[in-house]
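Student: Take this structure first; my questions come after.
The values are calculated or read from the model by the stated rules, or taken from the named source; none is laboratory data. What you see is a predicted model; the values in this text were computed from it and never measured. Virtual Cβ from ideal backbone geometry, glycine too; neighbours counted across all protein chains shown.
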Amino acid sequence: MRKYDVVIVGAGHNGLMAGAYLAKAGVKVCVIESRNKVGGGVFTDEITAPGFKHDICSTWHGLIYPNPVIQNDELGLLSKFGLKYITPDTFAGVNFDDGSYITQYRDLDRTCESIAQFSQHDAEAYRKFHDWSFKLLDMLLMGMYNPTPTFGQTMAMMDSSPEGRILIRALLSSAWDIAEDWFESDKMRIVMTRFSAEQMINPFTKGTGLHLFLFIPLQHKYGSGFPVGGSGMLSEALAKCFESFGGTIKLSSSVKAFKIYGGKATGVILDGGDEIEASKAVLSTLNIKQVFPGMVSGSKLPDDFVQNVKTLKHSGFSALNQHLALKEAPVWKNGFKSHWLAYHNSDPYEFQHAFQSIDNGIPRNDVFSLFVATQLDPTRAPEGMHTMYLYSFAPYALRNGGPEKWDEIEKEVADDILGQVQNLATNMGSDNILGRAIHSPLFYERHNATMLNGDICQIGTYNMQMSGNRPFSGWHNYRTPIDKLYMIGASTHPGPGVFGGARAGIQIVMEDLGIDFGKVIR
């Protein structure tokens, strides 16, 4: 039986980051991973053709880029362990079915110029929106990378100032509501609302509005970070960092259960029956619905805790992703130049109807975005060639046939989406496509067991499950009803995506272990 101070379940970027901070503090840590490679949802692999590197799930690092782990290089990922980021001048563009588009640049003036082609009013409104939300950015970010107060405390703080009360209104509004409040043109309203949909919730749903007040100033201040070599380079740098401080990574080892003795977590039990002991703490990055109650059998849990876990809501929709190996980069008929293209109808009714259809289990071919990473980072493909990340919102459970139906129709749906892309470009015929992989919502559940119901967020990012309510009210501080067992993954604050959210959770763990986090990051 192997013994450590701390055992961490899951070698995604959160598990590795938590392990690296602890190992840097001198704690003896083992990270256990069921797959044969680290990374979890932050993973890059050659899945279409040799030499073409594709991000299997997460590709955009705009949320971790402002994190002190990157900005202050707290773990030496940039200075010592080979992590490099590219921050392009252009973030993305929303292209419409009539051939027009709006481009978002890191430069505010250039973005406003792009908006002005549709509305001078909206160009000025965008600048005002940016300037106002920019004042709140540091406050909002500070809450993302550190432990969060209770939801009630957050509301009380926000209610104490006029700016805070505007945020409360945004918190209770839909993204479309906020866009209507600020902008006059339908296209600009669609542009703003489109970005909020990345929460994997219908952006016409009440409670999705606050995201815009973070996203817009964030892009202009920090830009979007893309790791050289692929998204998985973050995970690999974290693994190198962790091991340099003496940490142990155990791959191809599935955890069957958490070992509980005397009401305390004392280790884990692997599928084969082997046990790994932890004398000080056990940390889990798994989906909270996986852990409780199934993996802590025999433990006494509060009835309300079990019921709250059972009733946690999944995201409104999932994703269908296509990875393409290309001979050459796409050439767009409308002259669009950015490496990131989002596509939508220009009619607000059709835009809203698309999300309603997905909510009702019906796939759409007109709610997609694509990223040609090799236009920024040529190392991801053989010389002169390119990769494409073609991503579409999609229902997990299909209206006719449920999730299992994806095995029958994923290619048909994917072909329909690809056909839309081919209509937009001059050179996206079959002769330009060297390889292709299709990943349906059902794939994500099978590929990563934490993504129950194909939910790439683990659990939905609704207000009732975010900030001091994540995973639910009363249990937002990473501790669980079982002593020495902590949750630090996407099921906890600040939530899913490449956030580096473990920086927040590990502060609570270190507090309980008597470790000064401030000294560790100096």
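Student: Taking the range 404-443, which residues are polar (S, T, N, Q) and either without any contact (Cβ under 8 Å) to a residue 24 or more places away in the chain or within 17 Å of Phe393 (Cα to Cα) (or both)?
Tutor: Correct list: Gln420, Gln422, Asn423, Ser430, Ser440.
Student: Now a separate question. I'd like to verify a number: residues in the range 1-24 that are in a helix (DSSP H, G or I), under 20 Å from the mean Cα position of the chain (by Cα) and either of a type in the set (A, V, I, L, M) or surrounded by fewer than 24 Cβ atoms within 10 Å (Cβ to Cβ) (or both), how many?
Tutor: 3
Student: Checking the structure you have, find out if any residue of the range 342-360 is surrounded by fewer than 14 Cβ atoms within 10 Å (Cβ to Cβ) and either outside the structural domain of Met385 (by TED's automatic domain parsing) or under 19 Å from Tyr478 (Cα atoms) (or both).
Tutor: No - not one qualifying residue is present in the range 342-360.
Student: Also: Is it true that some residue in the range 103-116 is surrounded by fewer than 16 Cβ atoms within 10 Å (Cβ to Cβ), small (Gly, Ala, Ser) and either modelled with pLDDT of 95 or more or under 30 Å from Ser185 (Cα atoms) (or both)?
Tutor: yes
Student: Among the numbered criteria (1) at pLDDT 95 or above; (2) of a type in the set (S, T, N, Q); (3) farther than 30 Å from Lys264 by Cβ, which one does Asn463 miss?
Tutor: Answer for Asn463: the failing condition is (1).
Student: Follow-up. Would you point out the residue of the range 444-463, among those that are in contact (Cβ under 8 Å) with a residue 40 or more places away in the chain and assigned to a helix (DSSP H, G or I), that is nearest to Asn287 (Cα to Cα)?
Tutor: Keep residues of the range 444-463 that are in contact (Cβ under 8 Å) with a residue 40 or more places away in the chain, which gives 444-445, 447-463.
Filter once more, so that each one left must be assigned to a helix (DSSP H, G or I): 444-445, 447, 452-454, 463.
Details: Tyr444: 14, Glu445: 12, His447: 14, Leu452: 8, Asn453: 11, Gly454: 12, Asn463: 18 Å.
Going through the qualifying residues, I end up with Leu452.
Residue-wise test of (1) of a type in the set (Phe, Trp, Tyr); (2) at pLDDT 95 or above.
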{"position": "Lys333", "(1), (2)": "no, yes"}
{"position": "Gln352", "(1), (2)": "no, yes"}
{"position": "Val367", "(1), (2)": "no, no"}
{"position": "Ala373", "(1), (2)": "no, yes"}
{"position": "Pro382", "(1), (2)": "no, yes"}
{"position": "Tyr389", "(1), (2)": "yes, yes"}
{"position": "Ala394", "(1), (2)": "no, yes"}
{"position": "Trp406", "(1), (2)": "yes, yes"}
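Student: I've got another one for you. Name every residue in the range 137-158 that is farther than 21 Å from Pro471 by Cβ and in contact with a helix residue (DSSP H, G or I) (Cβ under 6 Å, 6 or more places away or on another chain), in order of residue number.
Tutor: Leu137, Met158
Student: Going through Asn427, Asn423 one at a time, which residue ends up being in the same structural domain as Ala381 (by TED's automatic domain parsing), more than 23 Å from Ala319 (Cβ to Cβ) and either modelled with pLDDT of 95 or more or crowded, with 22+ Cβ neighbours inside 10 Å (or both)?
Tutor: Result: Asn427 is the single residue among Asn427, Asn423 that is in the same structural domain as Ala381 (by TED's automatic domain parsing), more than 23 Å from Ala319 (Cβ to Cβ) and either modelled with pLDDT of 95 or more or crowded, with 22+ Cβ neighbours inside 10 Å (or both).
Student: Still on this structure, please answer the following. Just checking, which of Ile488, Ile508 is buried (at least 20 other Cβ atoms within 10 Å of the Cβ) and either in the same structural domain as Gly262 (by TED's automatic domain parsing) or of a type in the set (Lys, Arg) (or both)?
Tutor: Ile488
Student: If Ile417 passes every condition in (1) in contact with a Phe, Trp or Tyr (Cβ under 6 Å, 6 or more places away or on another chain); (2) outside any helix (DSSP H, G or I) but one, which one does it miss?
Tutor: It fails just one condition, (2).
Student: While we're on this one: Which one of the conditions (1) surrounded by fewer than 20 Cβ atoms within 10 Å (Cβ to Cβ); (2) among the small types (Gly, Ala, Ser); (3) in the same structural domain as Pro203 (by TED's automatic domain parsing) does Ser440 fail to meet, given that it meets all the rest?
Tutor: (1)
Student: Filter the range 61-94 down to the residues that are modelled with pLDDT under 95 and among the hydrophobic types (A, V, I, L, M, F, W, C) and list them by number.
Tutor: Those that are modelled with pLDDT under 95 and among the hydrophobic types (A, V, I, L, M, F, W, C): Leu63, Phe91, Ala92, Val94.
Student: Filter the range 310-333 for residues that are surrounded by 15 or more Cβ atoms within 10 Å (Cβ to Cβ) and more than 21 Å from the chain's Cα centre (by Cα); which is nearest to Asn287 (Cα to Cα)? I'd like the intermediate steps shown before the answer.
Tutor: The first filter runs over the range 310-333 and keeps only residues surrounded by 15 or more Cβ atoms within 10 Å (Cβ to Cβ), leaving 312, 314-326, 329-330, 332.
Within this subset, residues satisfying the condition of being more than 21 Å from the chain's Cα centre (by Cα) are 324-326, 329-330, 332.
Values: Leu324: 30, Ala325: 32, Leu326: 35, Ala329: 38, Pro330: 38, Trp332: 40 Å.
My answer is Leu324.
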